[in-house]
Each structure stands twice: as structure tokens, then as C-alpha cells.
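Encoded as C-alpha cells, the structure appears first; notes follow it.
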Amino acid sequence: MFFLFPFLMNAQIASKGVFLLNGTVEQMDGKYLYLSYFSASEKIIMDSSLVTNGGFHFKGHISQPVLAFLSKRNAKRWNASDTNTTSFFIEPKLLTLRFTNNVFGLPDLTGSDTENEHKELKRLRGEAASLLAPLNRQYEELNYRYIVLSKLKDSSTLLDLIGDKMDSLKEQTAPLSQRLFTIDTIFFRNHPHSIVTAHELTYTMNRLSPALFYTFYEQLGAEVQNSRYGKNLQLKMNNWKSGAMYTIASDFEATNPVQKKIRLADYKGEYVLLIFWASWCKPCRKENPELDSLYQVLKRNKANIAFIAIADDADSQDRWKEAIKRDKVELWQHGLSDRYQNDIMVLYGVSILPTKILIDPKGMIIGRYENDNNRALINDISRIYDRSGNDSL
């Protein structure tokens, strides 16, 4: 009976949907640790525990494995690169936490099968993730400077310098990102019913083909699909489908820079290229001259096409108007996507900037292009143009 006690205790705890987390940490006596997670009722719980004699304890109610965040500071939002914060998957069981080599960012949680799978994925990512992390931090810092400077006048020279550095970093990160993507997809195949797979698919789905994504989603099974991570995937899929290939484009109304309304329905009978961008988005700004060159060629050949640029700039409209002038794209149609009232980006399942969507005269989506590589877009438009002759696109 002695050997069965931990097993029976875990079974009893799980049946009540309770987790008990006991941990040890050095050099924090008299200080608090803060644990954040989603409860069984889907409420965000922020709990605290006073470290005493190197030990801390948490107890809570969860109905399924969830990702929890443990921090040395009390904050509503935590950054993944914050060395004062760590994360792991908890389950309704008896759990024990310590830190590898006493490093707070290296949690070693026992008792959670889901966290064991999470550890495996982190181990597989290993070298590629460690090489990518500092490059991503540099890119984020430069992007922040780019956004701040873009608000100022006469900052084009500095913006160009920062932009060149960002482009260089992007070239360095591309092969590492591809390595991680390959590692992730192999993990998804080897762990088709895992909560970790459902969680990570949220961040990977935009790089997967729809067919492969749906395959991974179906393999999750009903239990994981009904988890909070599975439901989140379903929500994203619904948004994704609304802007998917060979579906009818949803109508929308947006406000242009002179406070007039533009509607997609007004362009029925024409080809339409929707361009989702933002004044603060470096790749978007970089591709605008290329897209405008395409626009000018099409218009010189009297092509029957409208360019409608939808910007994620509802909170920075002056910067949006300035970017339109600076990038010399005033001849396009322009509108705002407001994430609080009129989120056209959500309507079309856009989560990456820039994204372009090509719509035919009957209102059907016939092309979707993400990021700033426009070769496929130009090829598709060229094929349509070649079929139609010089009088119309």
C-alpha cells in the first residue's frame, strides 16, 4: 500500500480537478513568486506564494493541462524573453518543481506528462532556438526604434539605416526559423494527440499549407480539440476560412484618409488586390514601391484592377497618412482596420503583415500572399493579364 500511495493520491487529486504544486528555489526567502494560468472556469488566475526556507506551494482547480507562467514579479503581462519568468504545462496532479542548475529559466517539473512532451520539444529545438533568440531580440529592439522614428519628421536616413540592419537580421534568422519549423512539424507528426501540439499549432499554422494544417488538427482527436487550445485553433480556422482561397470575399466598409467610406462591393466587376499593411511594419513599407510599380504598369495598360490598402493604424492615423505620402501610394484606395470596432483583418483571417489577397470580378478570392515576397503575386497577375489581352486584366 505504501508504494501505491502517490498513485492513489494523484488519482484522487485528478478526479477533483485540483493541482498541487510544490517547489524549491534558492535565494528567494521572504520574497513572493507569482503563478498565472487559466482555471477550470476559463478565468485567468494570478496566485502568489511566499518563499519560506527555499520552498513554495500553489494549489488550484484546472480541468485539463494548461500552460502556466511563474514569475518573480507581479505583472499582468510577461514577455517570453523575460529572465524573471518561466513557463511549463501543469495538470490536475501532484507536481514538483525545481530549477536545473538553479537557473530560473530552466524549470524541471515532474508529475506532468504534458510538460514531459513540452521538454522534449524544447530539447529538439535546442541549438536552433538558442541561436535564434538573441537575433530575435535584436530585431525586436530595432523594430521598436523603427516605429518610434517613423513618427518623427526628417528621419528617413535613420529609418533606412535601421531598415538595412533589420533586413540583414532577417536573412540570418531565415534558415534558423526554417530549422525550427521542420522540427515542429516532425514533433506534430510524432505527437498527434498532444496538448503541446495543439498549443504550438497556434503559432505555426500560418506557415503550414491548409491541407497539412487540417490533417494535424483532425489527428488531435476530440478531447484535445475540445481543450482551450483546440478551441482556439477552431476560432482561428474559422477566421482563416473567411479569407481562404476560392471563397467569396466578405464585403466591408472602411474610412479613407479624407473620412469618406469605401466598400468592397463598390468594386464588383473589377479585379481587386487587398493589401493589408501598417505604417509601423518595416516589410510592408519596403514592398510598397514594388507594389506601386506593378500598379503603375497595370494602369498604363488600362487594366481593370483596384488596389485597396487596409492599414492596421487606427491608433496612429497621422502616421498612416504620412506613410501613404512618403511611400507615394496616394493613387491606391486606402482604409483602416480597427481592431476594436471594424476589424477587417480578422474578417479575412489576416495575422501576418504584409498580406495580399487577390479577388476576381465575381468576388472570389483567387490568390493569397503572405510576407513581402511578391513573385507569386506578380506571376498570377501576369497570367491573368496575358489571358485577357491589353485592354483589361
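Every number in this text was worked out from the coordinates using simple rules, so none of it is lab data. None of these values were measured; they are calculated from a predicted model. Ideal geometry is used to build each Cβ from the backbone, glycine not excepted, and the neighbour counts take in all protein chains shown.
Round to the nearest 10 and give me the degree value, 0 to 90, for the angle of helix 156-190's Cα axis relative to the longest principal axis of the chain.
50 degrees
If only Cα atoms are counted, what is the Rg of the chain, and what is its Dmax, in Å?
24.9, 86
Quick one: 3J(HN,Hα) in Hz for the stretch 108-123, Karplus 6.51/-1.76/1.60 with θ = phi - 60°, rounded, Gly and Pro as x.
Result, rounded to whole Hz: 10, 9, 10, x, 10, 5, 5, 5, 4, 5, 4, 4, 4, 5, 5, 5.
Subtract the Cα-Cα distance of Glu290 and Ala222 from 0.36 nm times their separation in residues, and report this length gain in nm to one decimal.
Values: separation 68, 0.36 × 68 = 24.48 nm, distance 4.57 nm.
Result: 19.9 nm gained on full extension.
With each run of n ≥ 4 DSSP H residues scored as -39500 (n - 2.57), what mean residue ellipticity at 222 nm is computed for the chain after dividing by its residue count and rounding to the nearest 500 deg cm²/dmol?
Numbers: 11 runs with 171 residues, N = 393.
Taken over the chain, the calculation gives -14500 deg cm²/dmol.
Between Asp318 and Thr83, what is the FRET efficiency for a Förster distance of 41 Å, r being their Cβ-Cβ separation, to the nearest 0.05? Please list the in-between numbers first.
Working: r = 37 Å, r/R0 = 0.89.
Plugging the Cβ-Cβ distance into 1/(1 + (r/R0)^6) gives 0.65.
Could you pull out which residues in the stretch 227-250 have an amide N less than 19 Å from a spot 7 Å beyond the Cα of Ser41, following the Cα-Cβ vector?
Once the point is set 7 Å along Cα→Cβ of Ser41, 228 turn out to lie under 19 Å by backbone N, inside the stretch 227-250.
Once fully extended, how much extra length lies between Lys122 and Asn206, figured as 0.36 nm per residue of separation less the alpha-carbon to alpha-carbon distance?
28.2 nm
Helix 282-300 versus the longest principal axis of the chain: what angle, 0 to 90°, nearest 10, using Cα atoms?
Roughly 30 degrees, rounded to the nearest 10.
To the nearest 10 degrees, how steeply does helix 195-204 sit against the main Cα axis of the chain, on a 0 to 90 scale?
Once rounded, one gets 20 degrees.
Straight-line reach from Lys165: which aspartates and glutamates have Cα under 12 Å away, leaving out those fewer than 8 places along the same chain?
Excluding near neighbours in sequence, the set is Glu140, Glu141.
Quick one: dipole size for the chain, taken about the Cα centre, charges +1 on Lys/Arg Cβ and -1 on Asp/Glu Cβ, in debye to the nearest 20. Could the numbers behind the result be given before it?
Values: 49 positive and 45 negative charges, 63 e Å.
About 300 debye.
May I ask you to list the lysines whose Cα is less than 17 Å away from that of Lys241, ignoring any residue fewer than eight positions away on the same chain?
Excluding near neighbours in sequence, the set is Lys231, Lys356.
Can you pull out the chymotrypsin sites (Phe, Trp or Tyr not before Pro) in the stretch 245-280 whose DSSP state is coil and whose Cβ has at most 15 other Cβ atoms within 10 Å? Can you show the working numbers first?
Numbers: sites: Tyr246, Phe252, Tyr267, Tyr271, Phe276, Trp277, Trp280; in loops: Tyr246, Phe252, Trp280.
For chymotrypsin sites (Phe, Trp or Tyr not before Pro) across the stretch 245-280 that sit outside H, G, I, E and B with at most 15 neighbouring Cβ atoms in 10 Å, the list reads Tyr246.
How high is the relative contact order of the stretch 117-276, given as a whole-number percent (alpha carbon pairs under 8 Å, six or more residues apart)? Could you put the intermediate results ahead of the total?
Details: 95 pairs, mean separation 26.1, N = 160.
Result for the stretch 117-276 is 16 percent.
Which residues in the stretch 22-44 have a backbone N closer than 11 Å to a point placed 7 Å from the Cα of Leu50 along the Cα-to-Cβ line?
What the label zone holds, given the 11 Å backbone N cut-off, is 30-32.
At what distance in nm do the modelled label points of Ala174 and Val258 sit from each other, each positioned 7 Å from its Cα along Cα→Cβ?
4.0 nm
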